[in-house]
Amino acid sequence: MTERKKLILAKPAQADTEQTGSPYRKPPVRGSGTAPRKRMTAAEATQAREEAAARERAAPRRDEQAPRREPRQAPGQDRGAYRGEGRDEPRRDPRQAPQGDRRPSSRREQDPRGTQDRARSADRSDYQDQRPEQAPRRDHRRADGHSAPRQPQAPVEPREDDGRLRLSKLMSEKGLASRREADEWIEQGWVSVDGEVVSELGTRVFPHQVITIDSLARTQQAQRVTVLIHKPIGYVSGQAEDGYEPAVALIRPENRWHEDKLPVQLTRGHLKNLAPAGRLDIDSTGLLVLTQDGRIAKQLIGEDSGIEKEYLVRVVYEASPEAENVSAVVPPEAIEQLKFGLELDGRQLKPAQVSWQNEQQLRFVLREGRKRQIRRMCELVGLKVVGLKRVRMGRITLGKLPLGQWRFLRPDERF
């Protein structure tokens, strides 16, 4: 065997570096010398491609060359034993035909290209016929904790809309009761449809059917009270929050207005389920309605409510905060924008009535109630609210009701 020569690339001595005056540079890897390769011109590249094509045409085809030589084997050793398999019997291909019908080891020497595909197809079909029948594939997703594959279900027939509505919803739309009251009356058996008592929640009826309410339900509804409060600043309308007391804490016998002549005595039952219908924020004052009657709550704060709410709003113009006559410095365009044209939370506001009550106070009449709506409207036009008081809801006015006191809504009063 030829002895290999070991090539050692050593860094030149320090003296050589000092003599030449330049640092040592490693020669490029691409060639034995240090000079760069010469690039071929376009004409030389074209000539080289033509010469390579001529050599390829002159070379003999691979099929015409000598047959492939088998690897040298030891005596008595077959190909299977050479690969580390059993030595007693030769290795058999599972796709191979039975023992009496062996095929040559090289198809390229026996069959032309056209017959090879047919032979392969036949071998594949024979192999598939010899394979034993397998059990159907099992689903292992159950062992992994996943759900089993969905079984085909029968198509669900769409339910035809026959025009029926839930009984409680129909009663609310007709103004007979609120949805909660209707559910309570249905459970008590106080509601009849076409003369038949309905006691199951979720019952659907046609709009033209006759609904009858038992007198016991009417009596209970008449016992529900509505309270009007002149809410002071510092009280919240609903549940207590951030250490502030709710307005319902003011409903005590000693805080009842002395001019309230309604012959009803305050009881603990009157304070149960008493909810605000139209909130006032903690910095606002004026008329607050607390009611047990779902019909009144829907009338005041329902989605389709058109009840007017009137407010007196004291403002300061941010461009002239020292001006005493605010109405003189606020441009008329700002008031027109307050009437119509503003948006809150991406929604157009309904038209409002806005006018000057005096030099520092605006009068608002709204038909909707967004959260802190008036304060946010004024901020959009450069005004700052320093005082807000609600004086009317529908036909019910605050009137002479003193601050911090309350009275019952009379039966003859309607919003």
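Here are the numbers for this structure:
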item: Percentage relative contact order, the stretch 165-223, counting C-alpha pairs under 8 Å, at least six apart; result: 32
item: Rg(Cα)/(2.2 N^0.38 Å) for the stretch 264-412, N = residue count; result: 1.16
item: Least to most buried among PHE364, PHE408, PHE415, PHE340 (fewest other Cβ within 10 Å first); result: PHE340, PHE415, PHE408, PHE364
item: Principal axis dimensions, largest first and in whole angstrom, of the stretch 165-223 by Cα; result: 30, 20, 18
item: In order through the stretch 409-415: 3J(HN,Hα) via Karplus (6.51 cos²θ - 1.76 cosθ + 1.60), integer Hz, x for Gly, Pro; result: 6, 6, x, 8, 8, 9, 6
item: Cleavage-rule hits (trypsin sites (Lys or Arg not before Pro)) in the stretch 383-415: DSSP loop, at most 13 neighbouring Cβ within 10 angstrom; result: ARG395, LYS400, ARG414
item: In Hz, Karplus ³J(HN,Hα) per residue of the stretch 193-209 (6.51, -1.76, 1.60; θ = phi - 60°; x = Gly, Pro); result: 10, 6, x, 9, 6, 10, 10, 10, 5, x, 5, 10, 9, 7, x, 7, 6
item: Rounded to whole Hz, the Karplus (6.51, -1.76, 1.60) HN-Hα couplings of the stretch 265-281, x for glycine and proline; result: 8, 5, 10, 5, x, 5, 8, 7, 6, 8, 10, x, 10, x, 7, 10, 6
item: Debye-sum result for the stretch 215-336 in log10 I(q)/I(0), which assumes one identical scatterer on each alpha carbon, at q = 0.10, 0.15, 0.20, 0.22 Å⁻¹; result: -0.46, -0.84, -1.20, -1.33
item: For ASP304, ASP293, order by how many other beta-carbon atoms lie within 10 Å, fewest first; result: ASP304, ASP293
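Since every read-out is calculated from the coordinates, none of them should be taken as a lab result. What you see is a predicted model; the values in this text were computed from it and never measured. Because the Cβ atoms are built from the backbone with ideal geometry, glycine has one as well, and the counts that use them run over all protein chains shown.
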